[in-house]
Amino acid sequence: MTEDTSRMPYQLPFPKDAQEEIVIPNAMSEDEKLWVPQAENVWFRPLCLNRSQGYWMNLLKVKKAGVLSRHRHPQPVHGFVLKGRWHYLEHDWVAEEGGYVYEPPGETHTLVVPDDVEEMVTYFQVNGVMCYVDPWGEVTGYEDVFTKIDLCRKHFAEVGLGEDYVEQFIR
Ligand code: FE
């Protein structure tokens, strides 16, 4: 009879150049130190800041009256709504708690939270760069994984966690 190996862990070492995994318990924690301010009533919590591939995974939190300024995505975005509800000024659909959103390259949009929602939290994967634009597409600024890392360093230093606190999220 052959041995049942269905519950036997993989027996070999991982590739020696493989990166370490990231495990974040209680990623939805309300601890304000962990949420990096991004604009008025807008915060993000870094989960994976992937500088080697140029993308970032984060939880975006927007409170009522908060706006994520108009921006263009040259690369795709994936989002999963964990709490609340929001929509884009440029689309007539609404992203609701438990819902998934795919934003194709070429999207330009402005994220707002309706008045009857206290706050929303959405898990976003953003690739490459997001370009802030005026209503006619003129670029006024940008964010990429490196500006995100810089914002985190500044915030974590200010709240006393130390700027190196961000290192655990960088791959
Ligand atoms: Fe976006």
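Coordinate-derived values only; no laboratory data. Predicted model only: the values in this text are computed from it and were never measured. Quick reminder, even Gly has a Cβ in these numbers, built from the backbone with ideal geometry, and neighbours come from all protein chains shown.
Of note:
- In terms of surrounding Cβ atoms within a 10 Å radius of their Cβ, Tyr100, Tyr123 rank from fewest to most as Tyr100, Tyr123.
- Proxy reagent accessibility, fewest Cβ within 10 Å first, across Asp17, Asp134: Asp17, Asp134
- Phi angles of region 94-106 translate, via the Karplus equation with coefficients 6.51, -1.76, 1.60 and θ = phi - 60°, into HN-Hα couplings of 10, 8, 10, 3, x, x, 10, 10, 10, 10, x, x, x Hz per residue; Gly and Pro are given as x.
- Reachable lysines, given that their alpha-carbon falls under 25 Å from the alpha-carbon of Lys63 and they are not under 8 places away in the same chain: Lys33, Lys83, Lys148, Lys154
- Relative protection proxy for 51-64, 25-38, from highest mean packing down: 51-64, 25-38 (other beta-carbon atoms within 10 angstrom).
- Remark: spin-label model distance Ser29-Asp116 equals 3.4 nm, labels positioned 7 Å along the Cα→Cβ axis.
- In sequence order, region 43-55 has phi-based couplings of 9, 9, 10, x, 10, 9, 9, 8, 6, 6, 10, x, 9 Hz under the Karplus curve 6.51 cos²θ - 1.76 cosθ + 1.60, θ = phi - 60°, and Gly or Pro positions carry x.
- At full extension, Val94 and Thr147 could sit 16.2 nm farther apart than now, given 0.36 nm per residue minus the alpha carbon distance.
- Principal axis dimensions, largest first and in whole angstrom, of the chain by Cα: 67, 40, 30
- Principal-axis analysis of the Cα atoms of the chain puts helix 145-158 at an angle of about 90° to the longest axis.
- Given +1 at the Cβ of Lys and Arg, -1 at the Cβ of Asp and Glu and no other charges, the dipole of the chain around its Cα centre is 220 debye to the nearest 20.
- Between Gly84 and Glu97, Val121, the built amide H atoms are under 5 Å apart, and every one of these is 5 or more places off in sequence or on another chain.
- Those aspartates and glutamates that a straight Cα-Cα span of less than 18 Å connects to Lys16, excepting residues fewer than 8 apart in one chain: none
- Amide H contacts of Val36 (H built 1.01 Å from N, under 5 Å, at least 5 apart or other chain): Phe44, Arg45
- Orientation-averaged projected area, Cα convex hull of region 55-132 (nm²): 4.4 nm²
- Close amide-amide hydrogen proximity is noted between Tyr132 and Arg72, Thr140, Gly141, Tyr142, Glu143, each under 5 Å apart and 5 or more residues distant or on a separate chain (H modeled in the peptide plane; Pro and chain starts excluded).
- Karplus-derived 3J(HN,Hα), 6.51/-1.76/1.60, for each residue of region 112-125, Hz, glycine and proline x: 10, 10, x, 4, 8, 10, 5, 7, 10, 10, 10, 8, 10, 9
- Paramagnetic label reach from Glu20 (point 7 Å along Cα→Cβ; backbone nitrogen cut-off under 12 Å): within region 135-165, no residues.
- Directionally averaged projected area (convex hull, Cα atoms, region 74-115), nm²: 2.9 nm²
- Approximating the spin labels as points 7 Å out from Cα along Cα→Cβ, the Asn41-to-Lys64 distance works out to 0.9 nm.
- Which of Ala65, Trp93, Gly54, positive extreme of dipole for region 34-169 (C-beta unit charges): Gly54
- Note on Thr2, Thr140, Thr108: ascending count of other Cβ atoms within 10 Å places them as Thr2, Thr140, Thr108, the fewest first.
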